[in-house]
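Quick one: the structure is below, questions incoming.
Computed from the coordinates by the stated procedures, all read-outs in this text should not be read as laboratory data. Computed from a predicted structure; not experimentally measured. Reconstructed Cβ throughout: ideal geometry from the backbone, glycine too, with neighbour counts over all protein chains shown.
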Amino acid sequence: MTLDLWFLYAFAAIGLSLTPGPNGLLSLTHGVRYGFSRTIATVLGGVVGFLVLVAASLAGMGALLAASETAFTIAKWIGAAYLVYLGVRLWRTPAASVSAEAGDGGGPQHGPVRLFAEGFLVAVSNPKALIFFAAFLPQFMIPGASFWMQFAVLGGTFAFTEFCYELVLAGMAQRIAPWLSRHGRWFNRITGGTFVGIGGVMASASHT
């Protein structure tokens, strides 16, 4: 992967992480209920779950690429169209509500294993995430490159951005939750517009 292509992927990964989703909402909610330090387990669980989905998507797309270059090109255009579709859906999505129960220590006390499992299961049980990665990752796969190298670069970059984003949500939960309740609609419109733009760039991006 060239440096320019990696920068584009990193930018897209940041946009994907900023997109409102169940794991971000879970980290935000756990940050409100259990505090920052305990929510780290939730964040780690979600990141591991996303890595599982990235590995599954890379394996499937790698097989598609090996079978047919034409099929891979079609998948790339379908993926770009899906990103535009997702951006439009995000634009029209109403603001998400966050349960702001009692702060640190409020609610049932769950251990780190329980919180890790919740984050992991929310990530891997979301079929839309698998579909998204299947559409998203082909834009940046390099024909002939090893599976593990691409997994390290693509999966590692996304895992890092997602980890940082969810930590920020957990750490600023008390302040972010009220803001999202008031301005979440505009946040969705900004991220939705970003994805429409990313989809257009990806449709014309070259792997070489």
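At a 10 Å Cβ-Cβ cut-off, how would you order His110, His183, His30, fewest neighbours first?
With the sparsest Cβ surroundings first, the list reads His183, His110, His30.
Then there is this: Between Ile142 and Val88, what is 0.36 nm times their sequence separation minus the Cα-Cα distance? Round to one decimal in nm.
That works out to 16.6 nm of additional length.
Quick check on the exposure proxy: order Met149, Met141, Met1 from fewest to most C-beta atoms within 10 angstrom.
Ranked by crowding around the Cβ, least crowded first: Met149, Met1, Met141.
Now a separate question. Along Cα→Cβ, 7 Å out, is where each label goes; now give me the distance between the ones at Trp186 and Ile74 in nm to one decimal.
Going from the Trp186 label point to the Ile74 one covers 4.4 nm.
Determine the gain in length on full extension of the stretch Phe11-Ile131; use 0.36 nm per residue of separation and subtract their C-alpha separation, reporting nm with one decimal.
Contour length minus the Cα-Cα distance gives 41.2 nm.
Counting other beta carbons within 10 Å of each Cβ, put Glu166, Glu118 in order, fewest first.
Listed from fewest to most nearby Cβ atoms, that is Glu118, Glu166.
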